[in-house]
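Notes to accompany the following structure.
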Amino acid sequence: QVQVVESGGGLVQAGGSLRLSCAVSGRTFTNYHMGWFRQAPGKEGEFVSAISWRGGDTYYVDSVKGRFTISRDNAKSTVYLQMNSLTPDDTAVYYCAGSARGSYLTPTFYYTWGQGIQVTVSS
């Protein structure tokens with residue numbers, strides 16, 4: 001059974017930064033593309049970012065390009081999401097997710113893990 005330890009969320013003012021972490025156990029981490037999804041109140045879930053299992057390829061939704069950076073440390077079985085220049089529109093619960101098949105770009109291949117991390121950006 002997969003277990004994750006998520007950390008790094010919280011309350012930040014607009015323009016600030018946060019770094020989310022998701023440490024995974026119970027799975028062979030390098031078998032998985034990793035991604036981040038977010039769910040804001042009253043909005044549909046959004047596929048925010050992804051990174052291929054080797055870490056050489058990344059994806060970002062247009063709204064976060066240039067502000068967010070996804071990375072992974074396979075030795076630590078951890079994926080990160082560095083979030084800079086945050087805006088109130090980034091307020092959401094963020095979930096890390098893994099995909100063991102297909103393209104890292106296909107959101108439907110991902111399973112979200114953990115309880116999610118609350119990120120709140122005040123104006």
Looking at the chain, send over the antiparallel percent of its DSSP beta bridges, to the nearest 5. 90 percent
Carbon and sulfur together cover what percent of the accessible area of the range 45-94 at a 1.4 Å probe radius? 45 percent
For the chain, the Kirkwood Rh over every pair of distinct alpha carbons, in Å, works out to 14.2 Å
Taking every other residue with Cβ under 12 Å from the Cβ of Gly98 and scoring Lys and Arg +1, Asp and Glu -1, one gets +3
Subtracting the Cα-Cα distance from 0.36 nm times the residue separation, let me have the gained length for Ser103 to Gln13 in nm, one decimal. 28.9 nm
The range 1-54: percent of C-alpha pairs farther apart than 14 Å? 68 percent
Could you tally the net charge around His33, taking each other residue with its Cβ under 11 Å from the Cβ of His33, Lys/Arg +1 and Asp/Glu -1? +2
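Accessible area per residue for the range 21-61 in Å², computed with a 1.4 Å probe and the full protein assembly in place, what is it?
Numbers: 2010 Å² over 41 residues.
Accessible surface, normalised per residue, equals 49 Å².
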Going by Cα centres, the range 1-70 and the range 97-122 are how many Å apart? 7 Å
Between Arg27 and Asn74, how many nm apart are label points set 7 Å from Cα along the C-beta direction? 1.6 nm
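The values are calculated or read from the model by the stated rules, or taken from the named source; none is laboratory data. The structure displayed is predicted, hence computed values, not measured ones. All Cβ positions, glycine included, derive from the backbone under ideal geometry; neighbour counts span all protein chains shown. Accessible surface is based on the protein model in full, side chains and every heavy atom, while ligands, DNA and RNA are left aside. Shrake-Rupley method; radii C 1.70, N 1.55, O 1.52, S 1.80 Å.
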